[in-house]
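**Q** Could you have a look at this structure, given as structure tokens, before my questions?
What follows is calculated from the coordinates using simple rules that are stated; it is not laboratory data. Everything numeric in this text was worked out from a predicted model, so none of it was measured. A quick note on method: Cβ atoms are made from the backbone with ideal geometry, for glycine too, and the neighbour counts reach across all protein chains shown.
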Amino acid sequence: QQQVKQSPQSLIVQKGGISIINCAYENTAFDYFPWYQQFPGKGPALLIAIRPDVSEKKEGRFTISFNKSAKQFSLHIMDSQPGDSATYFCAASIRVDSSYKLIFGSGTRLLVRP
Amino acid sequence: SQTIHQWPATLVQPVGSPLSLECTVEGTSNPNLYWYRQAAGRGLQLLFYSVGIGQISSEVPQNLSASRPQDRQFILSSKKLLLSDSGFYLCAWKKGLVSYEQYFGPGTRLTVT
């Protein structure tokens with residue numbers, strides 16, 4: 001019940017296209033949903049995040065869509081660029097004792113072709 | 001601004017040898033600290049987290065242990081490495097209970113031979 005399921009595993013998009021990555025969860029105790037971007041050999045970088053009381057959040061070319069009733073959220077990358085080629089992880093946060101921990105999806109490897 | 005450091009950046013160790021990876025955070029106090037492991041081409045597995053000095057919670061009690069001797073220092077250890085301990089080890093921090101955002105360090109690439 002603490003899993004976060006992410007799809008697709010890999011994605012190829014042409015430059016200028018829209019990249020869409022989806023995640024689903026079961027546990028309604030999750031209360032914060034971030035997306036991370038990771039380049040090879042680097043640590044993941046926080047990209048954008050959303051709370052469950054909001055249905056959409058946009059930051060530049062990156063948008064999170066959140067469907068609380070369906071327990072699903074997705075990342076949309078508009079006007080995808082070759083520099084966006086990276087692995088993307090969704091995650092969900094849950095309170096544990098006096099802290100929070102993140103449960104990560106399995107990742108999506110995005111390749112944007114020039 | 002806050003900065004998180006990890007060292008070493010890369011490490012090659014023989015099976016059965018000990019391990020010590022260090023993580024330090026600058027520019028904040030009393031952070032929540034986390035250790036993750038990432039196998040090649042895989043997701044992130046939470047190993048340990050800590051809310052304060054000497055307070056360690058274990059998610060995957062296998063061949064590894066963690067310690068927090070100082071407020072902004074988090075150490076990952078093993079007495080005897082296994083081949084399966086190979087991976088990319090990431091430290092992360094968060095501002096206690098006041099925020100959700102978790103920030104990762106640059107990672108340590110461990111290869112056990």
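**Q** Among B:Leu11, A:Gln2, A:Ile12, whose Cα sits farthest toward the positive end of the charge dipole of the protein assembly as shown (+1 at Cβ of Lys/Arg, -1 at Cβ of Asp/Glu, about the Cα centre)?
**A** A:Ile12
**Q** Starting from the Cα of A:Lys68, draw a straight line to each of the aspartates and glutamates and keep only those under 16 Å, dropping any in the same chain fewer than 8 residues away.
**A** Qualifying aspartates and glutamates at Cα under 16 Å: A:Glu26, A:Asp31, A:Asp53, A:Glu56.
**Q** Can you list the trypsin sites (Lys or Arg not before Pro) in the range A:1-57 that are in a DSSP coil and have 13 or fewer other beta carbons within 10 angstrom? Let's see the in-between values first.
**A** On the way: sites: A:Lys5, A:Lys15, A:Lys42, A:Lys57; in loops: A:Lys15, A:Lys42.
Hits after loop and neighbour filter: A:Lys15.
**Q** Under a straight-distance cross-link criterion of Cα-Cα below 28 Å, which lysines are reachable from A:Lys71, leaving out those fewer than 8 residues away in the same chain?
**A** Filter leaves A:Lys5, A:Lys57, A:Lys58, A:Lys101, B:Lys94, B:Lys95.
**Q** So, one more: Charges at C-beta only: +1 for Lys and Arg, -1 for Asp and Glu. How large is the resulting dipole of the protein assembly as shown about its Cα centre, in Debye rounded to 20? Provide the component values of the computation, followed by the final result.
**A** Values: 22 positive and 14 negative charges, 66 e Å.
Roughly 320 debye, rounded to the nearest 20.
**Q** Out of B:Pro31, A:Ile21, B:Gln73, whose Cα points farthest toward the positive end of the dipole of the protein assembly as shown (charges: +1 Lys, Arg; -1 Asp, Glu; placed on Cβ)?
**A** So the residue furthest toward the plus end is A:Ile21.
**Q** Charges at C-beta only: +1 for Lys and Arg, -1 for Asp and Glu. How large is the resulting dipole of chain A about its Cα centre, in Debye rounded to 20? Intermediate values should be presented prior to the final figure.
**A** Working: 13 positive and 8 negative charges, 38 e Å.
I would put it at about 180 debye.
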